[in-house]
Amino acid sequence: MRRWSVDTGGFSRNPASHVGEATNLSKRTHGKVRPSRLTSRSGSRRWLGPLVLGSAAALGAAAIYNRKQAQDAEYQHPPIGRFLDVDGVRLHYVELGQGDPLLLIHGNGTMVQDFTVSGLVDVLASRYRVIIIDRPGYGYSTRPRQLWTPRAHARLFHSALQQLGVERAVVYGHSWGTLVAVALALEAPSLVRGLVLASGYYYPTLRADTFLLSPPAIPVIGDLMRYTVSPPLARALLPIMIRRVFEPAAVPERFERLFPKALMLRPLQLRAAAEDAALMTPSAMELERHYRELRVPVTIVTGADDQIADVGRQSARLHRELLGSEFISLPGLGHMIHHLDPGAVASAIDRIAQRSAV
């Protein structure tokens, strides 16, 4: 029987021969494909290991560097006040002057120096016993793991003031500190004589900064971030953020020279700022239901051109809701009014002190 050879382009009339050739072709084809897949997988394993080790080494180096930066910051800017142990929290505080007690509560990201370098304390200490407390996690106060709402701050501050022998006080709160000031008046109405609320955030809104600043507050992931990538990122963004809170006014030379900016970049303070940013909107939602329960004189003061807290939707609205409140809007000034016009803020405090005199 005649056959055509496969090699000459023909085909075999013998089916077994044809199947054999197909089988051999399949084996040759599979033999060529499988090694390439194995090579690809083994190759990916070869670079994955060094990548993981390299990333871990980079994060470790960043953590060591950031820890050294934090230690240097604390060496250059040691505590300027004294300490109280209150309900498991070590609070750093400054007390200056004599007279009726006046409590100053700072905002997010800052510390007691926000008031001491502004010139406001210089004006007030001549006639008040001025008390400034680093809120938990800021400056040199500790911040145990818990939900640090404005009401939690208020209860802590109430206990601290009791330790200091303060029975009645005028309270000035700035920015995030206004939430704490309001909560203190609600939690301890017999303690608070009157409120001065400056540049505050009182009603919930959608805020981009909440989403941008909150990641270091996330457990585990946030802890990794604040010891590695967050400090250098915050250091790069800090000049922009500082300009923003003072706009449209220029950043005062006194602030640039004296404020301990390096303390703001430590991991614990970054965590505190992130947690406060995340809690700002829900805290305003909870407190706004109780504003009409306030039974103390209230003065609301703000920079008319505040770039951080919308004046119409925040301070002006609160003034309309609180009958009998005083509203002061300072033209041409931004968020940091106690730096930009400490005299006007001191005058507002004086008027509240006079209205609440007993």
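Readers should treat all values here as calculations from the given coordinates under stated rules, not as data from a laboratory. Since the structure is predicted, the reported quantities are computational estimates derived from the model, not experimental observations. When we count neighbours, we look across all protein chains shown, and the Cβ atoms used for this are built from the backbone with ideal geometry, even at glycine.
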message: Show me, bin by bin at 10 Å from 0, the whole-percent P(r) of the range 135-194 based on Cα pairs.
response: 23, 57, 20, 0
task: Obtain the nm distance between the two label points defined at GLU288 and GLU256 by a simple spin-label model: each point lies 7 Å from its Cα along the Cα-to-C-beta direction.
output: 3.8
- prompt: Quick one: which of 183-193, 145-155, 101-111 comes out on top by average Cβ neighbours within 10 Å, and what's the full order, highest first?
  reply: 101-111, 183-193, 145-155
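Which order do VAL117, VAL229, VAL112, VAL171 fall in if you start with the one that has the fewest other Cβ atoms within 10 Å? Mind dumping the intermediate values first?
Numbers: VAL117 19, VAL229 16, VAL112 25, VAL171 30.
Sorted ascending by nearby Cβ count, the order is VAL229, VAL117, VAL112, VAL171.
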